[in-house]
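Presented below is the structure to which this report refers.
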Amino acid sequence: MFLVFPLLFVLLFSSVSSGATHEEEYRKLQEKMSEQKKKLRETQERESSILNEIEGVNMRLEKIETDLSKSLKDLRRTEAEISSVTSDIEKTKSVLERQKEWLKRKLMVMHKFGYSGDMLVLLMSAGDVSQMMRIWKYLENITLYEHKVLGDYRDNLKRFNEKYERLSVLKAELKANTDRVRAKEKELAGEKQSKVVILSSVRKEKASHQRMIAELKEASRRLRDLIEKSSKTDTYTGSGAGFTRFRGKLPWPAEGKIAVPYGSQKDLQFSTPVFRNGVHIQTPENSDARSVYEGKVIFAEWFKGFGQLIIVNHGNGYHTLYGNLSEIFSHVGDIIKENQVIGRVGTSGILNAPGLYFEIRYKGKPLDPAQWLKHRRG
């Protein structure tokens with residue numbers, strides 16, 4: 001409204017000085033109001049949370065990476081088929097060369113001695129009828145053999161041409177797949193850069209940094225509520241041994257080292273307190289994410305602030321959380337075993353680095369995973 005009233009005054013003054021009709025001025029005013037409303041909507045749309053922005057980028061990254069993976073598989077399949085067809089062509093070519101050489105020698109003999117004369121001389125040289133019949137039989141077999149060689153030569157030549165045509169098609173397909181892969185890689189790089197820009201602004205601007213911390217606290221609260229609600233409705237109790245007995249003995253959910261520890265820390269740049277409910281285990285992208293203990297999957301999808309997330313109920317109030325995944329292999333309701341591969345490590349969380357985000361919770365409250373995992377030297 002603050003924008004509309006000054007605008008209205010200007011338009012009315014303009015109307016008197018120019019002598020324009022009221023209808024024209026009303027139409028112009030309506031257009032200006034529509035324009036301002038549009039700008040307001042655009043501003044409101046831009047005022048999304050930092051986690052929403054990161055989540056949007058991560059979802060696009062996930063789709064691009066899935067498409068890229070498919071394109072790479074198609075590329076490898078085409079390359080393998082090209083290799084196979086090329087090998088077949090070389091073998092067929094070698095056979096054709098031998099058959100061609102044999103036919104060449106045969107034609108030279110026929111040209112030199114005459115085919116019918118050759119047969120006649122052989123028949124007339126027979127000492128008796130019995131020998132003549134044997135010679136005739138030999139000639140008949142030779143004729144059949146020659147006919148077979150000619151037939152094989154024709155068939156091999158046909159196959160050679162078909163394989164050569166298939167090779168041309170595959171080479172065109174290879175180029176298309178290669179172009180598609182390069183385009184996806186370029187798109188992927190662009191999206192990754194947009195994520196870098198968002199996170200860079202968070203690191204540089206204190207207000208953005210504090211807003212993201214507040215959003216992560218809210219995400220953690222929603223996560224706690226989800227676990228508590230599930231605990232009330234889920235009847236899974238776990239094994240008789242119990243999760244508690246394995247404190248300090250649990251296998252690591254991913255190979256690597258803890259890059260971001262659990263607990264209260266102070267941000268060095270802005271001197272703001274930060275509490276992390278879990279650990280970030282630095283490990284190569286697409287590494288296996290494994291369950292640390294047997295249990296039941298109660299959540300397996302995207303969760304704001306945690307990327308692709310799996311939550312496993314181990315009974316007796318204990319849950320483990322596996323975030324920042326690129327792929328999820330388990331579904332809600334699955335009963336999983338200790339050390340079972342449940343997903344692939346990615347970069348779907350707020351950290352723009354490959355690694356697994358891992359939490360242990362007891363009755364919804366976070367525990368320090370380092371105290372539960374097996375001790376590693378170094």
Sum up the charges of everything whose Cβ sits under 12 Å from the Cβ of residue 292, counting Lys and Arg as +1 and Asp and Glu as -1, but leave residue 292 out. +2
Per-residue HN-Hα couplings for the stretch 315-322, Karplus 6.51 cos²θ - 1.76 cosθ + 1.60 at θ = phi - 60°, whole Hz, x for Gly and Pro? x, 6, x, 9, 9, 10, 10, 10
For the ranges 163-169, 57-63, what's the packing order if you count other beta-carbon atoms within 10 Å of each residue, average per peptide, and put the highest first? 57-63, 163-169
Report the Cα centroid-to-centroid distance between the stretch 304-341 and the stretch 244-264 in angstrom, as an integer. 15
From the phi angles alone, apply the Karplus equation (6.51, -1.76, 1.60; θ = phi - 60°) to the stretch 356-366 and give each ³J(HN,Hα) in whole Hz, x where the residue is Gly or Pro. 9, 8, 10, 10, 10, 10, 10, 6, x, 8, x
How long, wide and thick is the stretch 236-371, going by the Cα atoms along their three principal axes, in whole angstroms, largest first? 47, 27, 25
Packing rank of 302-309, 64-71, where each peptide gets the mean count of other beta carbons within 10 Å, highest leading: 302-309, 64-71
For the stretch 242-254, just list the computed ³J(HN,Hα) in residue order, Karplus coefficients 6.51, -1.76 and 1.60, θ = phi - 60°, integers in Hz, with x standing in for Gly and Pro. x, 5, 4, 5, 9, 4, x, 10, 6, x, 6, x, 7
In this structure, among 70/195; 192/337; 63/304; 73/175; 91/158; 257/363, pairs with alpha-carbon gaps over 25 Å are 192/337; 257/363
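By the scheme Lys and Arg +1, Asp and Glu -1, what is the net charge of all other residues having a beta-carbon under 12 Å from that of residue 224? It would help to have the intermediate numbers written out before the result.
Working: positive: 217, 221, 222, 229, 361, 363, 365; negative: 218, 225, 228, 359.
That sum, taken over residues with Cβ under 12 Å, equals +3.
Readers should treat all values here as calculations from the given coordinates under stated rules, not as data from a laboratory. What you are looking at is a predicted structure, and each value in this text was computed from that prediction instead of being measured. Here the Cβ is made from the backbone with ideal geometry for all residues, glycine too, and neighbour counts use every protein chain on show.
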